[in-house]
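Asks: What follows is a single structure, and I will ask about it in a moment.
Just so it is clear, none of the values below were taken in a lab; they were calculated from the coordinates. Note that the structure is predicted; figures quoted are calculated from it, not measured. Cβ sites come from the backbone with ideal geometry, for glycine too, and all protein chains shown count toward neighbours.
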Amino acid sequence: MKVIVTKDKYAGGKATFDIFAEALKQGAKVLGLATGSTPLTFYQEVVTSSLDFSDVISINLDEYVGLAPDNPQSYHYFMQKHLFDAKPFKACYLPDGLTQDPATFCQQYDQLMLDHPIDVQLLGIGQNGHIAFNEPGTPFNLGTHEVQLTESTIKANARFFNEISEVPKTAICMGIKNIMAAKKIVLLAFGTEKAHAVKQLVEGTITEAIPATVLQRHHDVTVICDEAAAAELK
Ligand code: GLP
């Protein structure tokens, strides 16, 4: 696992941009994308760049159950606003939060990633060490699935909603098995509140109790964090 410590989230966004730009230059055609506040400085770099995605497919990590794509709190909306409006892709896939048949949808999403293996996967990290919405205790061998969000994740994400009661209780997300199948993984973490999770991710014991620790088993992971998120590293 390679760790790059940058001064702040802006330099982190730039460092992430450089990795993706290089991967595209080398022929990457499928990008695994993420939401949350963390990737915003990266997306900002992308939208102001000359990079062209008209031949690239994106596959997003997760979506809340019950939110329509035009709901401003949905991850569909987030991606549209922060990336896709400015940079059209050949095709963009996100889990369907309104599916009436989550089990079948999850199988189809797994198949999508078998048909289009992810070249570079972008990740954030939750304060409790979750990746995508794979909460503590999620088996490492799970594919796309519907997940019950923990109280701490609901609380952390409530800042994007008018009130905490509006935060959906479940989501559909890629499993750790899907994430680990990506050829290259870039995880971003900014701010003091991520420092403990970053320490566990890089130096902790591999355990399903802290999902991000599984990344120690992947052969090509780059962690980009700012000084605040790196503060607990040895
Ligand atoms: C949510 C998302 C994750 C994201 C995490 C951290 O739980 N499903 O993909 O990594 O939040 O979010 P933030 O970047 O806003 O701290």
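Asks: What residue, among those in the range 46-58 that are surrounded by 15 or more Cβ atoms within 10 Å (Cβ to Cβ) and more than 30 Å from residue 154 (Cβ to Cβ), is farthest from the ligand (Cβ to nearest atom)? Give the derivation first.
Replies: Residues of the range 46-58 surrounded by 15 or more Cβ atoms within 10 Å (Cβ to Cβ): 46, 51, 53, 56-58.
Of the ones still in play, those that are also more than 30 Å from residue 154 (Cβ to Cβ) are 51, 53, 56-57.
Numbers: 51: 22, 53: 20, 56: 20, 57: 19 Å.
Filtering first and then ranking leaves 51.
Asks: Under 6 Å between Cβ atoms, which residue pairs at least 6 apart in sequence (or on different chains) link something in the range 59-80 that is closer than 18 Å to residue 146 by Cβ and within 12 Å of the ligand (Cβ to nearest atom) with a partner that is in a loop (DSSP other than H, G, I, E, B) and among the β-branched types (Val, Ile, Thr)?
Replies: Between residues of the range 59-80 that are closer than 18 Å to residue 146 by Cβ and within 12 Å of the ligand (Cβ to nearest atom) and residues that are in a loop (DSSP other than H, G, I, E, B) and among the β-branched types (Val, Ile, Thr), the close pairs are 75/35.
Asks: Residue by residue through the range 129-152, note down the ones that are over 14 Å from the mean Cα position of the chain (by Cα) and not hydrophobic (A, V, I, L, M, F, W, C). Step through it out loud before you land on a result.
Replies: First pass over the range 129-152, keeping only residues over 14 Å from the mean Cα position of the chain (by Cα): 136-143, 145-152.
Residues satisfying the conditions are 136, 137, 138, 139, 141, 143, 145, 146, 148, 150, 151, 152.
Asks: For the range 150-186, which residues satisfy the criterion of being among the acidic types (Asp, Glu) and either surrounded by 14 or more Cβ atoms within 10 Å (Cβ to Cβ) or without any contact (Cβ under 8 Å) to a residue 12 or more places away in the chain (or both)? Break it down into steps so the answer makes sense when it comes.
Replies: Looking only at the range 150-186, we keep the residues that are among the acidic types (Asp, Glu), and these are 151, 163, 166.
Correct list: 151, 163.
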